[in-house]
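This report concerns only the one structure given below.
The values are calculated or read from the model by the stated rules, or taken from the named source; none is laboratory data. Predicted, not measured: the structure shown is a model, and the values here were computed from it. FYI the Cβ positions are ideal-geometry reconstructions off the backbone, even for glycines, and counts take in every protein chain you see. What goes into the accessible areas is simple: the full protein's heavy atoms, side chains included, and nothing from ligands, DNA or RNA. Shrake-Rupley method; radii C 1.70, N 1.55, O 1.52, S 1.80 Å.
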Amino acid sequence: MTLLDESTKEFGSMSVLLHNINTASYCIEWFSKMTGASITLARVEAGKYLVTRKWAAGRELDDVTSDFSRANQAIIHFLNNVDIAKMNEQRVAAAKLYCINLFVKAEGLRPVTNPNLPKPRLQDAIGKKVVVKSTLGNCQIATGLLLQLVGNQVEIQVNPDDAFDDQPRQKFYTKQVSIC
């Protein structure tokens, strides 16, 4: 790992911050001034990464944390779950590229020359109410708040009336979910 100078860079209503935790650990934070939420990617130690979403205090939602053992999985998950509310696509792309460059430098990797930065389906719905329908699309299964995108699934805090086996957080395939 390469120790970098701590920094903050603004992208309109969003900030990207780099914190050094110690000589072997760092944290990249994406903070949205619009929503008051943030997501961080932290290298805790070699081969251990945490991606944590912190909600605005008024949302009264528990943090969402995902563990990764591979750096590329952690950065992809981080970029797919950053808060892009009310940001134009050029600023989102510039901020994501900046995060990639911080990550590459901190990890001591070769520079990424042509990153593919697609906007995942439902990314702008994170923290919003969504509806889950059956795979055939003809029956509503649940409603709730979209917490995070996990590969080809989403994690939702399901409304108590719709929760299966008293599980407040459940995962569904993205093709089953749409914005209310």
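Of the conditions (1) within 16 Å of I28 (Cα to Cα); (2) in contact with a Cys (Cβ under 8 Å, 6 or more places away or on another chain); (3) of a type in the set (V, I, T), T143 fails just one. Which one is it?
Result: T143 passes all but (1).
Considering segment 100-128 alone, what residues qualify as being open to solvent by 70 Å² or more (accessible area, probe 1.4 Å) and closer than 30 Å to A57 by Cβ?
K119, R121, K128
Six or more apart or on different chains, Cβ under 6 Å: which pairs go from a residue in segment 118-145 that's farther than 29 Å from I75 by Cα to one that's surrounded by 14 or more Cβ atoms within 10 Å (Cβ to Cβ) and of a type in the set (D, E, K, R)? Could you list them?
Q140/K133; A142/D162
Hey, can you tell me all the residues within segment 10-37 that are surrounded by fewer than 20 Cβ atoms within 10 Å (Cβ to Cβ), under 23 Å from A93 (Cα atoms) and of a type in the set (S, T, Y)?
S13, S15, T35
On the basis of being out of contact with any strand residue (DSSP E or B) (no Cβ under 9 Å at 6 or more places or on another chain) and under 27 Å from Q73 (Cα atoms), does L109 make the cut?
Yes.
Every residue in segment 129-165 that is charged (D, E, K, R), open to solvent by 30 Å² or more (accessible area, probe 1.4 Å) and modelled with pLDDT of 90 or more, please.
Matches in segment 129-165: K129, K133.
Would you mention how many residues in segment 170-180 are over 18 Å from H77 (Cα atoms), open to solvent by 30 Å² or more (accessible area, probe 1.4 Å) and in a strand (DSSP E or B)?
Of the residues in that region, 2 qualify.
So, in segment 46-61, exactly how many residues are in contact (Cβ under 8 Å) with a residue 40 or more places away in the chain and open to solvent by less than 50 Å² (accessible area, probe 1.4 Å)?
Residues in segment 46-61 being in contact (Cβ under 8 Å) with a residue 40 or more places away in the chain and open to solvent by less than 50 Å² (accessible area, probe 1.4 Å): 3 in total.
Residue-wise test of (1) among the hydrophobic types (A, V, I, L, M, F, W, C); (2) touching a His at 6+ places or on another chain (Cβ under 9 Å); (3) modelled with pLDDT under 90.
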| position | (1), (2), (3) |
| --- | --- |
| I76 | yes, no, no |
| N80 | no, no, no |
| L97 | yes, no, no |
| I100 | yes, no, no |
| G108 | no, no, yes |
| P111 | no, no, yes |
| D124 | no, no, yes |
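Cβ-Cβ distance below 6 Å, separation of 6 or more or different chains: which pairs start in segment 68-97 with a residue that is free of Cβ contacts under 8 Å to residues at least 40 places away in the same chain and end on one that is in a helix (DSSP H, G or I) and of a type in the set (D, E)?
A71/E107
Just to be sure before I move on: is V64 open to solvent by less than 30 Å² (accessible area, probe 1.4 Å) and over 18 Å from N152 (Cβ atoms) in the structure I sent?
Judged against the criteria, V64 is not a match.
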